[in-house]
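Notes follow the structure.
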Amino acid sequence: MFAQKSGLSIVATAVASLLMGVLIGQHSSSILKDLNHARVRRHDSQEDSDGWNHFRRLVQDKWKAEFGYNKEIINLINTANMENDLRELSRRPHMAGTERDDQIARMIQRRFVESGFDTSELVPYNVLLSFPNQSNPNLITITDGLDNVVFRSKFKEEPLHEEDEDPEFVHSFCAYTPPGDVKTAPGVGVIYVNYGRVEDFDKLKELGIDVAGHIVIARYGKIFRGNKVNHAEQRGAKGVILYSDPRDVALEGGEPQEVYPNTLWLPGSGMERGKTIRVDGDPLTPGWPSTEHAYRINEEDAAVPGIPCQPIGYDDARVILGKLDGQRAPKDWIGRLDVAYNLGPQMTPEFRNHSIRLQSNNWRKITRSYNVVATIRGEVEPDRYVLIGNHRDAWGYGAVDPGSGTAQLLETARVLGELKKQGWRPRRTLAFCSWGAEEHGIIGSTEWVQEHVEKLAERAVLYINTDVCASGPIMNVFSSPLIWDAILDISKMVPGVRNGETIYDEMVAYYALRNMSSPEMVTLGGGSDYAPFSFYCGIPSLDIWFETDKNKYDITIYPSYHTGYDTFHMMVNHIDPGFRIVQGCGRVALLTLKYFGDSAILPYSLERFPEAAKRSLGAFKSNGSRDKLVKIYDKYPLLEESVDNFTLATSAFVNKLKDKKNSLKDPIMIRAINDQMMKLERVFVLPAGLPGRPETRHAIFAPSLFDDYASSGFPGIADLLYEYNTLLPHARQDKEKEIMRHISDLTILFQRATGLLEDFHII
């Protein structure tokens, strides 16, 4: 019985186990399915979350989202840091091609690395640089009838402050002018040409004075020194002497207590050094980067001056000008030296047996110069670049030029590096650039742009330049018209550097005293590292420069410019005590970088571009040139019509964008709209360049042919009209063909720009 019960139990247990196994198996399968479904749901949920976060990054306007934060980070710009950096940067001379310049390049690269940038590179180029002979200085001498030297010019500044003397300080010279030894005949030979402008030489011709075969002496100011030398050479002069007149650099007198180191004014031995070539970049590789393998033209074929030129101080200029006889200079040519300001070329009777001699011993050498380029990779659009740059090299200590800009660059990099370490990344890639050999001819930036021209033309959003952050308290805006509104918006956010609540308030107050209702917006002239970006590539560019208060001192530039007195002592005692101006410059630069680096829709001011173009065309009407242009080419009104159509197209585009800007959630649409705006200025780049100027390709806003520092609207037309009325009939016909072709080109460019702003599907 027991046995039977056991068997039944076994069978029952087996059946129960089987049934339970089936049930458990079914249930387990269900559980596994549920678990798998849960895993899938969690995975899908994570993917959905990641996808949504990615989509949000694509369409988010970080500038608006972090606007309150933007206001806070301006306080991170530290004046003590910039003061310490400037002290080191200006401690010793650092001309391009010297070991000290290379040392600073390596220091800047290291600082970018320490700031946490994603890349930081030294970029070398082998370029032709010009140097004075430190053992055989350039001189102006005066000899008497027995060939005795009765006067010898100084070749470097007198040390007036304990930190001014350095054995490696560069002697006075004008870069790229050739070596030479020219001398006047006894009692004759030097002619005073005022500022050496075209109109000054024209005035001399009107007065019956021919400069051919003579040495000329010109005062610095008004135009680029290279144009002065070029104008003199074109008219047959055999040498040029340049000096800074007290009227421009010593307005309160020249006594020791009235000049450096006691004030900002220039002492009598201050000499302005500088380049004289009128092309940007390495003279031996025009149009191409000066890499190791680059083809180089012969030096004699390079676009360099053909006559010697030497700068001197106004103490020495007083000696030379005081010996000139001849006609009295026009009233507006008279400076503040206690001399008669006669034009020459004769010398006064007591010096009729004296001669003036100009000896230059400059030399040239192909030398390695470095750029430093560092980047913070963009989180959403890494292939769109917002760049900021400042040159590193100086003719001497360079505290203002370029030290104030470099100190700002390093501090702005530090602040953004700190943000990056806390997890921040910009929407677009930010590039920080320390350019080499700018003073010799905007060489480092030009070579780099020429090497990367396709990338930059396709991808660059904005270039910001900070050559001279602080030479005075007034922020002047020099930029592409596309940037004008943005920089005004930024200036309203930055605390004032004087007594105003904001920099914008200070600008308004400054211009009100000049009877202007709003801050003046000026297009870019030449003279700094924005040139290859703007004039060669058509990339919207901005130069941030705090300048002298011209309501107080109406001078062209700060007095110690390019002299041995551009020192740390000058900066901290007379130009920017407390570094509030450099701080203001850094704040403007930082916010501008973030504005264009983080905004979903790029903050260009499209309508400003046709406004500025129309003003420039209007100038031809006001100066009488329009009638001449219509007579030469009866289709000239079509150019005006094309500008009007472009104006309407930009207004329509801007209005459409305003209507849908806040509701744009399509990243492809955002990208497409940005590309339309970003590439608008590129339309006006002429592949072959302006007539006779292949390296200057911006057809609407570029430097004047006769002053590389000055901005000019429609520069090609202005260039072609120069001396048109003086041409012989055959030459005039050739010139008219050039004018007609250029006007036709301009008309087509404006038509293309109008087409670029049409709906995407319209070709």
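Before moving on, here are some points about what is shown:
- Qualifying positions in segment 373-393 - more than 15 Å from the chain's Cα centre (by Cα) and either within 22 Å of Leu129 (Cα to Cα) or polar (S, T, N, Q) (or both): Val373, Thr375
- Test result for Gly254, assigned to a loop (DSSP other than H, G, I, E, B), in contact with a strand residue (DSSP E or B) (Cβ under 6 Å, 6 or more places away or on another chain) and surrounded by 18 or more Cβ atoms within 10 Å (Cβ to Cβ): no
- Which listed residue, of Val229, Val216, is assigned to a helix (DSSP H, G or I) and crowded, with 16+ Cβ neighbours inside 10 Å: Val229
- Entirely in segment 410-512, the helices (runs of 4 or more DSSP H) that have 2 or more residues that are under 30 Å from Lys552 (Cβ atoms): 484-491, 503-512
- As for segment 162-171, it holds no residue that is touching a Leu at 6+ places or on another chain (Cβ under 8 Å), in a loop (DSSP other than H, G, I, E, B) and surrounded by fewer than 18 Cβ atoms within 10 Å (Cβ to Cβ).
- Only one of the numbered conditions (1) assigned by TED's automatic domain parsing to the domain that holds Gly281; (2) touching a helix residue (DSSP H, G or I) at 6+ places or on another chain (Cβ under 9 Å); (3) of a type in the set (Ser, Thr, Tyr) is violated by Thr143, and that is (2).
Rundown of residues vs (1) touching a Ser or Thr at 6+ places or on another chain (Cβ under 9 Å); (2) assigned by TED's automatic domain parsing to the domain that holds His171; (3) surrounded by 16 or more Cβ atoms within 10 Å (Cβ to Cβ); (4) within 30 Å of Lys365 (Cβ to Cβ), yes/no style:
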{"position": "Tyr260", "(1), (2), (3), (4)": "yes, yes, yes, no"}
{"position": "Gly270", "(1), (2), (3), (4)": "yes, yes, yes, yes"}
{"position": "Ala294", "(1), (2), (3), (4)": "yes, yes, yes, yes"}
{"position": "Ala303", "(1), (2), (3), (4)": "no, yes, no, yes"}
{"position": "Arg318", "(1), (2), (3), (4)": "no, yes, yes, no"}
{"position": "Trp333", "(1), (2), (3), (4)": "no, yes, yes, no"}
{"position": "Val339", "(1), (2), (3), (4)": "no, yes, yes, no"}
{"position": "Asn342", "(1), (2), (3), (4)": "yes, yes, yes, no"}
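- Of the residues making up segment 727-750, one or more are closer than 22 Å to Leu462 by Cα and not assigned by TED's automatic domain parsing to the domain that holds Leu456.
- Every residue from segment 138-158 that is assigned to a loop (DSSP other than H, G, I, E, B) and in contact (Cβ under 8 Å) with a residue 12 or more places away in the chain: Asn138, Asp144, Gly145, Ser153, Lys154, Phe155, Lys156, Glu157, Glu158
- Just one residue in the set Lys665, Lys661 is assigned to a helix (DSSP H, G or I) and either free of Cβ contacts under 8 Å to residues at least 60 places away in the same chain or out of contact with any His (no Cβ under 7 Å at 6 or more places or on another chain) (or both); that residue is Lys661.
- When segment 551-585 is filtered for residues that are in a loop (DSSP other than H, G, I, E, B) and among the aliphatic types (A, V, I, L, M), the ones remaining, listed by number, are Ile555, Ile557.
- Subset of segment 619-652 that is modelled with pLDDT under 95 and part of a loop (DSSP other than H, G, I, E, B) - its residue that is surrounded by the most Cβ atoms within 10 Å (Cβ to Cβ): Asn623
So that you can scan it fast, the table gives a plain yes or no per residue for (1) of a type outside the set (A, V, I, L, M, F, W, C); (2) at pLDDT 95 or above; (3) more than 21 Å from the chain's Cα centre (by Cα); (4) surrounded by fewer than 19 Cβ atoms within 10 Å (Cβ to Cβ):
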site: Met493; (1), (2), (3), (4): no, yes, yes, yes
site: Thr502; (1), (2), (3), (4): yes, yes, yes, yes
site: Glu520; (1), (2), (3), (4): yes, no, no, yes
site: Tyr530; (1), (2), (3), (4): yes, yes, no, no
site: Phe535; (1), (2), (3), (4): no, yes, no, no
site: Trp545; (1), (2), (3), (4): no, yes, no, no
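- Taking segment 92-137 as the range and being in a loop (DSSP other than H, G, I, E, B), within 20 Å of Lys365 (Cβ to Cβ) and among the small types (Gly, Ala, Ser) as the test, the residues that pass are Ala96, Gly97, Ser135.
The values are calculated or read from the model by the stated rules, or taken from the named source; none is laboratory data. Everything numeric here is computed off the predicted structure, so don't read it as measured data. Note that we place each Cβ from the backbone using ideal geometry, even for glycine, and neighbour counts take in every protein chain shown.
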